[in-house]
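Just so it is clear, none of the values below were taken in a lab; they were calculated from the coordinates. All figures in this text were calculated on a predicted structure; none of them were measured in a lab. With ideal geometry, Cβ positions are generated from the backbone for all residues, glycine too; neighbour counts draw on all protein chains shown.
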Amino acid sequence: MRYDISIIGGGPAGAMAALAASRRGAKTILIDDKQPGVPYVSACAEGVGDAVLKSLGLSEGPWVMNRCHNIKITAPNGTTRVLAPKGLTALVLDRAAFEASLIAQASEYPNFNYSPGYRATSISGHKSGINYWKTLDVQSIQTGEIEKVDSLIVIDCSGIRATIAKQAGLYMPPLKRSDIGVCSQYRVLSPELDEDTFELWFGSKYGAPRGYIWVFPKTSCYSNVGIGVPGGQGVDTKKNLEEFINWRFGRYAEFRSHYIRASIPLAPPLRQVSTPDGIMVAGDAARFCISTTGAGIGMALWSGREAGAVAANHLKGHLPLSHYDDICHKTIIPKLERAYRLKNRVTKSDESMQRYFYALQPLLWLHNVAPRWVEKRAARNMRFA
Ligand SMILES: Cc1cc2nc3c(=O)[nH]c(=O)nc-3n(C[C@H](O)[C@H](O)[C@H](O)COP(=O)(O)OP(=O)(O)OC[C@H]3O[C@@H](n4cnc5c(N)ncnc54)[C@H](O)[C@@H]3O)c2cc1C
């Protein structure tokens, strides 16, 4: 089959790219290796600021499972602060339902095709007239059969590996081990926890050297509890997380389930995110993840939307594909590069993380004196996280 745009991966980046491209009339296919009708556990803590959804014009749906107004931060030396910034609400999503709702919106356009249960395995190209067609080999997860999908533009939204974009020649510097966030997560029964509070526990004392453990209450009954640390330290994240859960959750610790292990790019963002012959990347595939926190949902949604929109407008002859690079360079790439430099300074050791907490004290003091001023600026910075 021939399409204008093929999108690989039905995470937040791919779903938003699909919606943006279909809305603009492009004949679009979304290829996703998740199997239809088979429930899956998202490799994510599912936390996102409400400012992210607002800035993208997405109204909240039943996939918002919880709204938290407090953040309890425990520093590497064990001191704790509870922040309750006004005007900032942290949402915990049901990501599977959220992505399904974006895909359902895209499906309202007759020019959109959703192809779940297929994995893109390789890419090749051929010239036909003035067009350069990309052919994806896509393999059915169920039968193993390979089918061919032709399109003029391929947007790789397949997450950190971005195999197809790499194969197609987009330059991706190798990831250093310390630039990969190694994560483990459980869902834990937590009826006694305050469901209005996100918890973050930093440092080795809690089993997260140079990283942190999160407790995000998803409902009044259970929470996403996970750990993320920079790679290359030989940390057994599963073991450390289980020890933390035993300590923090007491008699409920054994009621844990849905274990996942996954990685996040804590690397600098890619500087080239499209090629003249029609390859684009968005979300984790473009390494658009805030490396100080590991938050990537907002970046994925934003970059997916921009990639889909630019691709569709390019096919109408309105824009060069490099316009996508231009907007990324004007908006998120400098922010992500700053975050990367900060991450390298802050997460050197427990001591450097502790120093950062001390450095934040004046900001907390300022927040007491001029809360609206601080909150307004924080909200502006939370557009992507
Ligand atoms: C444990 C953990 C916790 C996290 N918690 C948070 C959080 O609380 N808040 C936050 O903002 N960020 C969080 N992140 C980061 C966030 O999950 C990612 O940044 C975000 O999911 C990136 O979205 P994406 O669409 O680029 O990629 P993904 O969400 O990885 O989606 C990629 C999709 O592509 C599919 N796919 C992959 N390869 C192929 C292929 N070859 N063919 C077809 N389909 C393919 C995958 O199945 C998947 O559906 C977390 C990450 C981890 C690992």
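Exposure proxy check: Val82, Val346, Val188, Val52 ranked by fewest other beta carbons within 10 Å?
Going from sparsest to densest Cβ surroundings: Val82, Val346, Val52, Val188.
In Å, what is the Rg of the alpha-carbon atoms in region 221-341, and how long is Dmax?
Spelled out, the Cα radius of gyration and Dmax of region 221-341 are 18.9, 62 Å.
Give the order of Cys68, Cys289 when sorted by the count of other beta carbons within 10 angstrom, beginning with the fewest.
Cys68, Cys289
Lys and Arg at +1, Asp and Glu at -1: add these up for the other residues within a Cβ distance under 10 Å of Glu199 and post the number.
Around Glu199, the surrounding residues sum to +1.
Evaluate the relative contact order of region 197-268 (contact order divided by residue number), counting alpha-carbon pairs under 8 angstrom at least 6 apart; express in whole percent.
Relative contact order for region 197-268 comes out at 21 percent.
How far is helix 12-23 tilted off the main Cα axis of the chain, in degrees rounded to 10, range 0 to 90?
The angle comes out at about 40 degrees.
To test your reading of the geometry: what angle, between 0 and 90 degrees and rounded to tens, separates the Cα axis of helix 297-315 from the longest principal axis of the chain?
Its long axis makes an angle of about 20 degrees.
Pull up all non-local amide H partners of Ala120: gap of 5 or more, or a different chain, and H-to-H distance under 5 Å with H placed in the peptide plane.
Under 5 Å from the amide H of Ala120: Gln139.
Which of the aspartates and glutamates could a cross-linker bridge to Lys335, judged by Cα under 17 Å and excluding same-chain residues fewer than eight apart?
Asp179, Asp284, Glu306, Asp325, Asp326
Cut-off 19 Å, label point 7 angstrom out along Cα-to-Cβ of Thr121: give me the residues of region 142-163 whose amide nitrogen falls inside.
Those under the cut-off are 142-151, 158, 161-163.
Quick one: how many lysine pairs does region 122-241 have with C-alpha atoms less than 28 Å apart and a gap of 8 or more or different chains? Give me the count, please.
Count of close lysine pairs: 14.
Under the definition of Cα pairs under 8 Å and six or more residues apart, what whole-number percent is the relative contact order of region 271-316?
29
Given contacts defined as C-alpha pairs under 8 Å and at least six residues apart, what's the relative contact order of the chain, whole-number percent?
21
Using each residue's phi in region 71-86, evaluate 6.51 cos²θ - 1.76 cosθ + 1.60 at θ = phi - 60° and report the 3J(HN,Hα) Karplus result to the nearest Hz, with x for Gly and Pro.
10, 9, 10, 10, 6, x, 8, x, 6, 10, 9, 10, 9, 10, x, 5
How do Arg251, Arg24 line up, fewest other C-beta atoms within 10 Å first?
So the ranking, lowest neighbour count to highest, is Arg251, Arg24.
What share of Cα pairs, in percent, lie more than 39 angstrom apart in the chain?
Counting pairs separated by more than 39 Å, the tail of P(r) holds 17 percent.
Give me the angle, in degrees from 0 to 90, between the Cα long axis of helix 95-107 and the longest principal axis of the Cα atoms of the chain, rounded to the nearest 10.
Compared with the principal axis, the helix lies near 30 degrees.
Would you please give the residues with an amide H less than 5 Å from that of Ala208, counting only those at least 5 places away or on a separate chain, with H modeled from the backbone geometry?
Gly203
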